[in-house]
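For reference, the structure discussed in these notes is given below.
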Amino acid sequence: MSTSSAQQEDALVTSTNPLHPANLISELCASFYTLGWVTGTGGGICIRTDDKVYIAPSGVQKERIEPAHIFVLPYPQAEPSPHTDRIFLRRPKLNLKESACTPLFWNAFTLRNAGSCIHTHSQNAVMATLLWEKDMVFRISHQKMIKGVRIGGNGPTLSYLDTLEVPIINNTPNEEDLTDSMKDAMEKYPSAAAILVLRHGIYVWGDDWQKAKTQTECLDYLFEIGVKMKLAGLQTVLNE
């Protein structure tokens, strides 16, 4: 690669603007680490802006991710998978690999026209999958924080009286192999704003990073209170 080409690629992730996607991803990953959502190097976030997708790397301590670690992909392109070559506008100079969540993030782009998708390993989310494993759908109603979740992830907000449903899919040893089952669940539950993965975590999307972050926070609250209610023997959905 020529020096000029490398400089052009680096310019994609170099900015003094704190709202630049490369800066935001670094900041948000550190914040999610503090919340316990991305312990180890697991979890991740992507941000799509018009014709570019910014994705965090795999295998880097989330609280130590820097803009120079960020991958940039063009959008649209064929859905990335372990079986197709991905097109990159920028790869970090370090020997890094893009997030294994990439094909799952693409589901949010192609099926929901999302501008951002967040993947966490929150214990609240994992506990919800265990306690609702029989139904394979987490359900809760009459909670204030439901109003922070949007229909389909990017539609109108739900009301206090609505019943929130988040489908649960079975886990697989390799993250990429969740792609098809996540897509199936998104098609089966078009009103869902997220997909839970059994014994693993959650994927949440939104029109932009602010909405994706807001919904991730609201859903995590609802999982926590739902788990506590269920363990206390209380109904999480009224009038059933």
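If R₀ is 22 angstrom, what is the calculated FRET efficiency for the pair Leu130 and Leu234, using the beta carbon separation as r and rounding to 0.05? Rounded to the nearest 0.05, the efficiency is 0.80. Computed from label points 7 Å out along Cα-Cβ, the spacing between Tyr75 and Asn171 is 2.8 nm. How would the range 100-239 be classified by its alpha-carbon gyration tensor: rounded, prolate or oblate, with rounded meaning a/c under 1.5 and the a/b versus b/c comparison settling the rest? It is oblate, given that a/c is not under 1.5 and a/b is not larger than b/c. Here the peptides 44-50, 220-226, 64-70 are ranked by packing, the mean other Cβ count within 10 Å, and the order with the highest first is 44-50, 220-226, 64-70. Think of a 1.4 Å ball rolled over the protein heavy atoms: the chain then has 47 Å² of accessible area per residue.
Extension gain, Tyr160-Leu19: 0.36 nm per intervening residue step, less the Cα-Cα distance, totals 47.6 nm. Near Gly59, within a Cβ-to-Cβ distance under 12 Å, what is the net charge of the other residues, with Lys and Arg +1 and Asp and Glu -1? Combined, the nearby Lys, Arg, Asp and Glu give +2. In terms of its alpha-carbon gyration tensor, the chain comes out prolate; a/c meets the 1.5 threshold, and the first ratio a/b outweighs b/c. On the beta carbon distance between Ser31 and Phe88, with R0 = 35 Å, the FRET formula returns roughly 0.85. For the range 1-122, the share of accessible area belonging to carbon and sulfur comes to 50 percent (1.4 Å probe, ligands and nucleic acids excluded). The HN-Hα couplings worked out from phi for the range 97-114 by the Karplus form 6.51 cos²θ - 1.76 cosθ + 1.60 (θ = phi - 60°) are 10, 5, 3, 5, 7, 3, x, 6, 4, 4, 4, 5, 5, 6, 8, 10, 6, 5 Hz, whole numbers, x standing for Gly and Pro. Taking θ as phi - 60° and the Karplus parameters 6.51, -1.76 and 1.60, the scalar couplings of the range 125-140 work out to 5, 5, 4, 4, 5, 6, 7, 10, 4, 4, 8, 6, 8, 7, 9, 7 Hz in sequence order, x denoting glycine and proline. Put simply, the amide H of Cys117, placed in the peptide plane, has neighbours under 5 Å in Cys46, leaving out anything fewer than 5 places away on its chain.
The alpha carbon centroids of the range 182-240 and the range 103-137 are separated by 7 Å. Within the range 1-99, the proportion of C-alpha pairs whose separation exceeds 17 Å stands at 51%. Please give the residues of the range 88-104, grouped as numeric ranges, whose backbone N is less than 20 Å from a label point set 7 Å along the Cα-to-Cβ vector of Thr110. Once the point is set 7 Å along Cα→Cβ of Thr110, 88-89, 98-104 turn out to lie under 20 Å by backbone N, inside the range 88-104. How high is the relative contact order of the chain, given as a whole-number percent (alpha carbon pairs under 8 Å, six or more residues apart)? Relative CO of the chain lands at 18 percent. Residues whose amide H lies under 5 Å from that of Arg90, counting only those 5 or more places away or on a different chain, are Val72; hydrogens are built 1.01 Å from N in the peptide plane.
The values are calculated or read from the model by the stated rules, or taken from the named source; none is laboratory data. Every value quoted in this text rests on a predicted model; they were computed, and no experiment measured them. Neighbour counts are summed over all protein chains in view; Cβ atoms, including those assigned to glycine, are modelled from backbone coordinates with ideal geometry. Accessible surface is based on the protein model in full, side chains and every heavy atom, while ligands, DNA and RNA are left aside. Shrake-Rupley method; radii C 1.70, N 1.55, O 1.52, S 1.80 Å.
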